[in-house]
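Chemist: Sending over a structure as C-alpha cells; questions will come in a sec.
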Amino acid sequence: MSAGPQRAIRQLVVEALYESETSRHEASAVLDRRLHETADEEPALAEPKLQRRAQRMLAGVIECRDEADTYIGEAATQYPVETLAVVDRNILRLAIWELLSDNSAPVAAVVNEAVELAHRYGGESSPGFVNGVLRTVSQRIKASRVATQAPPESQPQT
C-alpha cells in the first residue's frame, strides 16, 4: 500500500464495505482480516490506535449509511443510489461520513482521498463522478451547518 497509514485504512474500509455488500461477510470481520493481512506490508496498520480508527470509520459509515445515501441521491438525481457501482457507492459513503462526523481532515482532503480511491478501485468515470457528487454534498453540508449556527434574529425592543 505504502501511501501512508491514513490512506491505507481508508482503502481497507472501502474493501470491507465492498466485500460485505457483495457477499454475506460481516464488514467488521472483513476489516479485521484485511488489517491482519496487510500489517506486514504496512507495519503501522498493526498499531492498535490505527486499527481502532479503522473500526471507528467502518462503524461510522455503517451507522450513517441511510443519511449518506440521502445525500448521494440528492446530489446525483439521475442515478438512483442502489444502481451505482458498489465501489463508488461505498467510497461516497465513507467520504460523506468523514464530512459529517470526522473533522480531522479538511473538505478538500476528504474529496481528494475519495477521488484517489475512485482512481484505484472504480471505473473510468468514477473519479469525476465521485468528485462531482462530493463537491455538491460538501456544499450542502456546509450550508446546513451555517443555517443551524445562525444567531436568532433579535427582537425589536418596544
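The values are calculated or read from the model by the stated rules, or taken from the named source; none is laboratory data. Fair warning: this is a prediction, and the values are worked out from it, not measured in the lab. So basically every Cβ, Gly included, is an ideal-geometry build from the backbone, and we count neighbours across all protein chains shown.
Chemist: From the list 61, 110, 87, 137, exactly one residue is more than 22 Å from residue 31 (Cβ to Cβ) and among the aliphatic types (A, V, I, L, M). Which is it?
Modeler: 137 is the lone residue from the list that is more than 22 Å from residue 31 (Cβ to Cβ) and among the aliphatic types (A, V, I, L, M).
Chemist: Related question: Test each condition in (1) part of a helix (DSSP H, G or I); (2) at pLDDT below 95; (3) in contact with an Asp or Glu (Cβ under 9 Å, 6 or more places away or on another chain); (4) within 15 Å of residue 8 (Cβ to Cβ) for residue 36 and report the one that comes out false.
Modeler: (3)
Chemist: Being more than 13 Å from the chain's Cα centre (by Cα) and surrounded by 13 or more Cβ atoms within 10 Å (Cβ to Cβ) is the filter here; which residues of region 9-23 pass it?
Modeler: The initial filter retains those residues of region 9-23 that are more than 13 Å from the chain's Cα centre (by Cα), namely 19-23.
Within region 9-23, 19, 20, 21 meet the criteria.
Chemist: Search region 110-158 for residues being part of a loop (DSSP other than H, G, I, E, B) and small (Gly, Ala, Ser), and hand back the single one that is modelled with the lowest pLDDT. Don't jump to the end; show me each part of the working.
Modeler: Kept after step one, since they are part of a loop (DSSP other than H, G, I, E, B), are these residues of region 110-158: 122-125, 150-158.
Adding the requirement that they be small (Gly, Ala, Ser) leaves 122-123, 125, 150, 154.
Working: 122: 96, 123: 96, 125: 96, 150: 59, 154: 53.
Among residues in region 110-158 that are part of a loop (DSSP other than H, G, I, E, B) and small (Gly, Ala, Ser), the one modelled with the lowest pLDDT is 154.
Chemist: So if I check each of 74, 26, which one is out of contact with any Pro (no Cβ under 9 Å at 6 or more places or on another chain), surrounded by fewer than 15 Cβ atoms within 10 Å (Cβ to Cβ) and in the same structural domain as residue 129 (by TED's automatic domain parsing)? Even if it seems obvious, please write down each step before you answer.
Modeler: Details: 26 fails: in the same structural domain as residue 129 (by TED's automatic domain parsing).
The match here is 74.
Chemist: Please give the number of the condition residue 45 fails out of (1) part of a helix (DSSP H, G or I); (2) out of contact with any Pro (no Cβ under 9 Å at 6 or more places or on another chain).
Modeler: Condition not satisfied by residue 45: (2).
Chemist: Could you please tell me which pairs satisfy a Cβ distance under 6 Å, a separation of 6+ or placement on different chains, a first residue in region 95-107 that is over 15 Å from residue 140 (Cα atoms), and a second residue that is acidic (Asp, Glu)?
Modeler: none
Chemist: Is it the case, given these coordinates, that residue 1 is modelled with pLDDT of 95 or more and either in contact with a Phe, Trp or Tyr (Cβ under 8 Å, 6 or more places away or on another chain) or outside any helix (DSSP H, G or I) (or both)?
Modeler: Details: modelled with pLDDT of 95 or more: no; either in contact with a Phe, Trp or Tyr (Cβ under 8 Å, 6 or more places away or on another chain) or outside any helix (DSSP H, G or I) (or both): yes.
Here the answer is no, as residue 1 does not meet what is asked.
Chemist: Being among the hydrophobic types (A, V, I, L, M, F, W, C) and surrounded by 15 or more Cβ atoms within 10 Å (Cβ to Cβ) is the filter; apply it to region 29-43 and report the residue that is farthest from residue 95 (Cα to Cα). Working first, answer last.
Modeler: Step one: of region 29-43, the residues among the hydrophobic types (A, V, I, L, M, F, W, C) are 29-31, 35, 39.
From the residues that got through so far, the ones that are surrounded by 15 or more Cβ atoms within 10 Å (Cβ to Cβ) too are 30-31, 35, 39.
Numbers: 30: 19, 31: 17, 35: 20, 39: 24 Å.
The extreme case among them is 39.
Chemist: Assuming residue 61 fulfils every condition listed in (1) surrounded by fewer than 20 Cβ atoms within 10 Å (Cβ to Cβ); (2) in contact (Cβ under 8 Å) with a residue 40 or more places away in the chain apart from one, which condition is it?
Modeler: Status for residue 61: all satisfied but (1).
Chemist: Out of the residues in region 42-74 that are over 14 Å from the mean Cα position of the chain (by Cα) and of a type in the set (Gly, Ala, Ser), state the one that is nearest to residue 16 (Cα to Cα).
Modeler: Residue satisfying both the conditions and the ranking: 46.
Chemist: Which residue pairs have Cβ atoms under 6 Å apart, sit 6 or more places apart or on different chains, and have a first residue in region 38-56 that is in the same structural domain as residue 14 (by TED's automatic domain parsing) and a second that is polar (S, T, N, Q)?
Modeler: 45/38
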